[in-house]
1. Name the residue that is surrounded by the most Cβ atoms within 10 Å (Cβ to Cβ), counting only residues in the range 1-55 that are small (Gly, Ala, Ser) and within 14 Å of the chain's Cα centre (by Cα).
2. List the number of the failed condition for SER31; all other conditions in (1) without any contact (Cβ under 8 Å) to a residue 24 or more places away in the chain; (2) part of a strand (DSSP E or B) hold.
3. Go through the residues of the range 72-95 one by one and say whether even a single one is out of contact with any strand residue (DSSP E or B) (no Cβ under 8 Å at 6 or more places or on another chain) and in contact (Cβ under 8 Å) with a residue 24 or more places away in the chain.
4. Take ILE74 and decide whether it is within 21 Å of ALA17 (Cα to Cα), crowded, with 18+ Cβ neighbours inside 10 Å and out of contact with any Lys or Arg (no Cβ under 9 Å at 6 or more places or on another chain).
5. Looking at GLU146, GLU136, GLU126, which is the one that is surrounded by 13 or more Cβ atoms within 10 Å (Cβ to Cβ) and either on the phi < 0 side of the Ramachandran plot or more than 15 Å from the chain's Cα centre (by Cα) (or both)?
6. Looking at the range 84-105, which of its residues are over 15 Å from LEU50 (Cα atoms) and surrounded by fewer than 16 Cβ atoms within 10 Å (Cβ to Cβ)?
Amino acid sequence: MAVRVQREDFDIGAEIAAFCRDNSGIGAVASFIGLVRDVNEGDAVAGMTLEHYPGMTEKALAGIVDEAKRRWDIVDALVIHRVGELKPLDQIVLVAVTGAHRGAAFAACEFIMDYLKTQAPFWKKEQTAQGARWVEARASDDQAAERWNDS
């Protein structure tokens with residue numbers, strides 16, 4: 001398991017290649033790459049600042065990955081999340097999951113992303129023409145995470 005919170009951008013291909021290297025048991029890799037949107041709630045977004053609680057954030061992400069490993073037969077998971085100043089279309093998050101089969105890898109990847117959105121301590125502030133504003137939690141993210149409660 002690898003969990004990183006960093007300011008630097010990441011190379012998706014290099015990260016996934018390194019993540020899969022030397023593991024002959026892998027038959028599937030499922031991944032999600034999140035980008036900074038240029039519009040939110042109908043307003044143009046010029047940039048975003050992401051803050052986190054060092055130490056606590058990594059621990060929360062590791063706990064989410066551990067839960068995914070408990071629920072599905074996966075080989076491993078990788079989570080990279082950026083913080084700091086970001087512009088629209090900048091990469092913000094990479095979640096990759098390896099497994100013997102695609103079904104478990106897809107489900108675990110989606111679970112990790114859903115839980116990351118609702119349970120990891122990140123705070124987002126958007127820069128808009130109307131000024132800076134904190135991004136509120138979304139009910140749709142909570143609903144997405146809740147569907148895993150029955151799994």
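1. ALA30
2. With (1) without any contact (Cβ under 8 Å) to a residue 24 or more places away in the chain; (2) part of a strand (DSSP E or B) applied to SER31, the lone miss is (1).
3. No, every residue in the range 72-95 fails to be out of contact with any strand residue (DSSP E or B) (no Cβ under 8 Å at 6 or more places or on another chain) and in contact (Cβ under 8 Å) with a residue 24 or more places away in the chain.
4. Judged against the criteria, ILE74 is a match.
5. Every option except GLU126 fails the conditions.
6. ALA100, HIS101, ARG102, GLY103
Values quoted throughout were computed directly from the atomic coordinates according to the rules given, and no laboratory measurement underlies them. Computed from a predicted structure; not experimentally measured. Backbone-built Cβ (ideal geometry, glycine too); neighbour counts: all protein chains shown.
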